[in-house]
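Engineer: Pasting a structure here, questions to come.
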Protein chains: 2
Amino acid sequence: MKSMKISEAVVRRLPIYLRYLNELNMMQIQTVSSQELGQKLNLNPAQIRKDLAYFGEFGKKGIGYDVHYLIEKIRHILKLDQIIHVGLVGAGNLGHALSNYNTYLKDNMKITAVFDSAKDKIGKEINHLKVLPMEELPEVVRQHGIRVGIITVPAVEAQIVANAFVEAGVEAILNFAPAIVKVPAHIRIHHADFTTELHSLAYYLEE
Amino acid sequence: MKSMKISEAVVRRLPIYLRYLNELNMMQIQTVSSQELGQKLNLNPAQIRKDLAYFGEFGKKGIGYDVHYLIEKIRHILKLDQIIHVGLVGAGNLGHALSNYNTYLKDNMKITAVFDSAKDKIGKEINHLKVLPMEELPEVVRQHGIRVGIITVPAVEAQIVANAFVEAGVEAILNFAPAIVKVPAHIRIHHADFTTELHSLAYYLEE
DNA sequence: TAGATTGTTAATCGATTAACAATC
DNA sequence: TAGATTGTTAATCGATTAACAATC
């Protein structure tokens, strides 16, 4: 089962498993079945078992999954058994909001630097992080070992910021701007766009 | 082709088409082919044609799609040919950030009311909207005809807020809290979770 | 042992892409 | 007419779910 390529759908579910397993762990619960997981997460238990089985045999037949062990395994799969440093460009409200999530991100990922190009933003403090000018991005990315970039600038500036991230050497980008951004094939980019999300929701409203 | 049930994947792409078509419209461009759309949006042209064909014959063979006409059609499909009123609970940084998106949402959707349960938030102004106490939610939802609810509260409070939205009669919910929220089957809920998004991105980093 | 639950194969379901006749 | 591009069918690809032997 090793060394198959894993579908994006599977990868998207792993963090959801991880989050709930962490909750179970905090509630001192030691074992969980795919049945219970499925119930809580609105997923098919067979799907959960299959997702996990891509990466190894993590469960015990007749018993279920050891919560702590599974957390370790998923963290490893997601490369979250190390601290991943994240840089963010755009010190507006959204950037401010996201930098607050460091607590949720726990010890797995960390927003380490915030940048902006606007004079009036530079130097201000956001969540204990001084807002840095864009000029310092390449240097800071290298120094801090930043591997992921977050874009929270207006749509028109998104491509420019993405280019800067790519040149500075980040490996993945999360773009919140409502715009399609192009990056070289070796860079992973995900779009988290509030406006398209909301617009697609409207489709499901009653006449 | 009418009255098939349309897949979620298709519905998620429609707002992306719409956004780019609006850009073309602003650039005074009258006609566009599935080829060009695909190039700009990183999608297969056949897929775009098929997506649109679910809803009607919007193009002209040999010519392409009339930008303005297609905008009208997609807006109608997404029920965005009317103003959809949106309520938001959680006047923190994220709530504040999202309420700023009213300009991006254009004349299609509008965040009409912001609520919070914290005494120190209530009464403050966010983007010309006075933050209202949760107690007023049912009444305001009815008065303003709010049909969509946005949740930007901490994870532990998300379910409570969702319940309040459902009881007040909203038809769809967009949840930003990092938690699975349960709603009755007739309510549409989408999860826009920054933390799982970022965690799944980590999977694609190099060793 | 009996009951529970995994890992995995097979069956189903769904979504994407290719190909091309129709036609502007 | 020649070239371009749609709408749609068929082919491919991929993801989900059901079922069950293996086994704790």
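The values are calculated or read from the model by the stated rules, or taken from the named source; none is laboratory data. Because the structure is a prediction, the values reported are computed rather than measured. Positions of Cβ are backbone-derived with ideal geometry, glycine not excepted, and every protein chain shown enters the neighbour counts. Calculation scope for accessible area: heavy atoms of the full protein, side chains included, ligands and nucleic acids excluded. Shrake-Rupley method; radii C 1.70, N 1.55, O 1.52, S 1.80 Å.
Engineer: Of (1) within 18 Å of B:LEU201 (Cα to Cα); (2) within 14 Å of DNA strand D (Cβ to nearest atom); (3) modelled with pLDDT under 95, A:ARG12 satisfies all except one. Which?
Structural biologist: All conditions are met except number (3).
Engineer: Of everything in segment B:53-95, what is open to solvent by less than 10 Å² (accessible area, probe 1.4 Å), over 22 Å from B:THR152 (Cβ atoms) and more than 14 Å from chain A (Cβ to nearest Cβ)? Give them in sequence order.
Structural biologist: Once the filter is applied, which keeps residues that are open to solvent by less than 10 Å² (accessible area, probe 1.4 Å), over 22 Å from B:THR152 (Cβ atoms) and more than 14 Å from chain A (Cβ to nearest Cβ), segment B:53-95 yields B:VAL67, B:LEU70.
Engineer: If I filter segment B:181-202 for residues that are more than 9 Å from chain A (Cβ to nearest Cβ) and part of a helix (DSSP H, G or I), do I get at least one hit?
Structural biologist: No; the residues of segment B:181-202 include none that is more than 9 Å from chain A (Cβ to nearest Cβ) and part of a helix (DSSP H, G or I).
Engineer: Take the residues in segment B:96-105 that are open to solvent by 40 Å² or more (accessible area, probe 1.4 Å) and facing another protein chain (nearest Cβ under 9 Å), then tell me which one is nearest to the chain's Cα centre (by Cα).
Structural biologist: Checked segment B:96-105; the qualifying residue nearest to the chain's Cα centre (by Cα) is B:TYR104.
Engineer: Of everything in segment B:45-103, what is among the basic types (Lys, Arg) and within 16 Å of DNA strand C (Cβ to nearest atom)? Give them in sequence order.
Structural biologist: B:ARG49, B:LYS50, B:LYS60, B:LYS61 - these are the residues of segment B:45-103 that are among the basic types (Lys, Arg) and within 16 Å of DNA strand C (Cβ to nearest atom).
Engineer: Going through segment A:162-176 one residue at a time, which ones are without any contact (Cβ under 8 Å) to a residue 40 or more places away in the chain and not in a helix (DSSP H, G or I)?
Structural biologist: Within segment A:162-176, A:GLY169, A:GLU171, A:ALA172, A:ILE173, A:LEU174, A:ASN175 meet the criteria.
Engineer: Sticking with this structure for a sec: Restricting to segment B:181-206, count the residues that are surrounded by fewer than 19 Cβ atoms within 10 Å (Cβ to Cβ) and among the β-branched types (Val, Ile, Thr).
Structural biologist: Here the count works out to 2.
Engineer: Now for a separate question. Could you grab me the full set of residues in segment A:160-180 that are open to solvent by 20 Å² or more (accessible area, probe 1.4 Å), closer than 22 Å to B:GLU23 by Cβ, more than 10 Å from every other protein chain (Cβ to nearest Cβ) and hydrophobic (A, V, I, L, M, F, W, C)?
Structural biologist: A:ILE160
Engineer: So, one more: Report every pair of residues separated by at least 6 positions or lying on different chains whose Cβ atoms are under 8 Å apart, first residue within segment B:16-39 and assigned to a loop (DSSP other than H, G, I, E, B), second more than 13 Å from DNA strand C (Cβ to nearest atom).
Structural biologist: Correct list of pairs: B:ILE29/B:VAL67; B:GLN30/B:VAL67; B:GLN30/B:HIS68.
Engineer: Determine whether segment A:34-44 contains at least one residue that is within 13 Å of DNA strand D (Cβ to nearest atom), closer than 23 Å to A:TYR104 by Cβ and open to solvent by 50 Å² or more (accessible area, probe 1.4 Å).
Structural biologist: yes
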